[in-house]
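The values are calculated or read from the model by the stated rules, or taken from the named source; none is laboratory data. Being a predicted model, the structure only gives us computed values, none of them experimental. FYI the Cβ positions are ideal-geometry reconstructions off the backbone, even for glycines, and counts take in every protein chain you see.
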Amino acid sequence: MPGDFWRRLRRDLRRVVANLILITAATGQVGREVVAELVRRGERPRALVRDVSRSPANAEVTEGSFEDDASLARALRSVDVLFLAGRDSPDAVAQHRRVLEHARGAGVQHVVKLSALGASPTSPVGLMRDHHEVVEEVRRGPWSWTLLRPHLYMQNLLRAADAGRVDGRLEAPMGDGRYPLVDTARPGPGPSRANKHRRGHFRVLSSVEPPTARLRSASTPFA
């Protein structure tokens, strides 16, 4: 996560004595980038993984899951900063609440939550309503917090690569407009401008500026 995002996030974390950082979903497309960047910067983060055979290099690895209370308690022991990410599922809100409950008990000082642009209680998209519920739980906690709100991951477009090669188009039910495309290696604003709302040393980082892609009539030519 190079660029402005890391400078801003590190500025927040300097206010915390961060002896140990736990990364959840550490083998996911964002989590593994967080681990790699922390390692490059001389940190040795703790990585929570379901499958140790896929463990990231040069991290302290702990095996567990959001459904396993004993593994969460073990993973959060002595942790100062929690990077909270997880897979989307119908149980995501309950799972994240369980992690945050353990974080309270462990005395975590700062939570960095990977959310999404558009998270809202009134969103027509269930996933966005779920993100909002978890964000509100983070805001109510005893810790300081940073919220990351990226939009469309460029890597996700690869899922449509085969179809694009056949008919020459990427299709999405998104209507006309410009949409910020985000690299999973920089889920904060990166080179784009951050939408910052400061409350003490709390911060919301959103990807709201270019690079963008213009999508028309729910599809765009595939190059």
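Here are some notes:
- Residue satisfying all of: in segment 122-164; in a helix (DSSP H, G or I), under 15 Å from the mean Cα position of the chain (by Cα) and aliphatic (A, V, I, L, M); nearest to residue 106 (Cα to Cα) among these: 138
- Candidates 134, 125, 93, 61 - the one that is modelled with pLDDT of 95 or more and out of contact with any Leu (no Cβ under 9 Å at 6 or more places or on another chain): 93
- Residue 87 vs. criteria of a type in the set (D, E, K, R) and loosely packed, with under 14 Cβ neighbours inside 10 Å: yes
- Taken over segment 102-121, the criterion of being at pLDDT 90 or above, more than 15 Å from residue 136 (Cβ to Cβ) and in a loop (DSSP other than H, G, I, E, B) is satisfied by 107, 108, 109.
- For segment 125-167, a residue qualifies if it is in contact (Cβ under 8 Å) with a residue 12 or more places away in the chain, within 18 Å of residue 33 (Cβ to Cβ) and loosely packed, with under 15 Cβ neighbours inside 10 Å, and the qualifying residues are 154, 155.
- Taken as a whole, the structure places residue 42 among residues that are of a type outside the set (A, V, I, L, M, F, W, C) and free of Cβ contacts under 8 Å to residues at least 12 places away in the same chain.
- Segment 110-124: number of residues that are crowded, with 20+ Cβ neighbours inside 10 Å and either out of contact with any His (no Cβ under 8 Å at 6 or more places or on another chain) or among the hydroxyl-bearing types (Ser, Thr, Tyr) (or both): 6
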